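Here's the structure we're looking at; comments come further down.
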Amino acid sequence: RSPGTRLAEIIGAFASAQRRRKPGDYLFGAGDAFQFFYVLSEGFAKSCYTTEDGRERTTGLHLRGDILGLDAIVTATHGCDAIALDACEVLTVPYDTVLLHFQRNPELAHELLHAFSGEIRSDRELMLSMITYSAEGRVATLLLEMSCRFASRGLSATKLQLHLTRQEIGSMLGLTLETVSR
């Protein structure tokens, strides 16, 4: 299992609501107060932020079993937008409820720390690929990572549907649209 998948199963039991989202709907926006974790039980979403000059920068692709909002704990506000890329089912899990269960449930504590570690590692690997790999290497790294993530969730590891535009892939990897297209 991938980091976060077991955690999504555990904290999904504490969900206060399950909501359907259409493509383009926001799960949360940058600057929103942090109150919930968001668990994707179906579908795909992206995380992104808008730079000061108005450009959108894609920072992640999220799929079934992923938990969004982990980074907002430290500031009590979300630092990015999370947007549905297709029809999604999203569980909202109150942070306070997770904290209550965290103290009584060692498995939850272990899985939450595992998810944090996985997110830190994934971010580090993306950053390192951007500064050490060629454009082709960055795209290959993204595709290999997504193949592993898809396989860990029972999806095809060879027929990847990323649900991202070439522009979004480029912004995530620090590449131009033309380079991604090639």
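Take every Cα pair under 8 Å whose residues are at least 6 apart in sequence, average their separation, divide by the length of segment 1-146, and the relative contact order is 33 percent. When the Cα positions of Leu113, Thr75, Ile10 are compared along the charge dipole of the chain, Ile10 comes out farthest toward the positive end, with charges on each C-beta of Lys, Arg, Asp and Glu. Computed over every Cα-Cα pair of segment 13-107 and binned at 10 Å starting from 0, the pair-distance distribution P(r) comes out as 17, 48, 29, 6, 1 percent. Backbone N atoms of segment 112-140 closer than 17 Å to the 7 Å Cα→Cβ label point of Ala151 belong to residues 140.
Could you compute how fast the chain diffuses translationally, taking Rh as the Kirkwood radius over C-alpha pairs and applying Stokes-Einstein at 20 °C with viscosity 1.002 mPa s? Give it in µm² per second. All intermediate terms of the calculation are to be shown ahead of the outcome.
Numbers: Rh = 16.9 Å.
Stokes-Einstein gives a translational diffusion coefficient of 127 µm²/s.
Computed from Cα atoms, the angle from the helix 135-152 axis to the main principal axis of the chain rounds to 30 degrees. What segment 76-120 shows is 48 Å² of accessible area per residue, with the surface traced by a 1.4 Å probe over protein heavy atoms. Surface composition of the chain: carbon and sulfur make up 54 percent of the accessible area, probe 1.4 Å.
How big is the charge dipole of segment 1-67 about its Cα centre, in debye rounded to the nearest 20, if each Lys and Arg gets +1 on its Cβ and each Asp and Glu gets -1 on its Cβ?
280 debye
Subtracting the Cα-Cα distance of Ala30 and Glu125 from their residue separation scaled by 0.36 nm leaves 31.8 nm.
The values are calculated or read from the model by the stated rules, or taken from the named source; none is laboratory data. Because the structure is a prediction, the values reported are computed rather than measured. Virtual Cβ from ideal backbone geometry, glycine too; neighbours counted across all protein chains shown. With ligands, DNA and RNA removed, areas are computed over all heavy atoms of the protein, side chains included. Shrake-Rupley method; radii C 1.70, N 1.55, O 1.52, S 1.80 Å.
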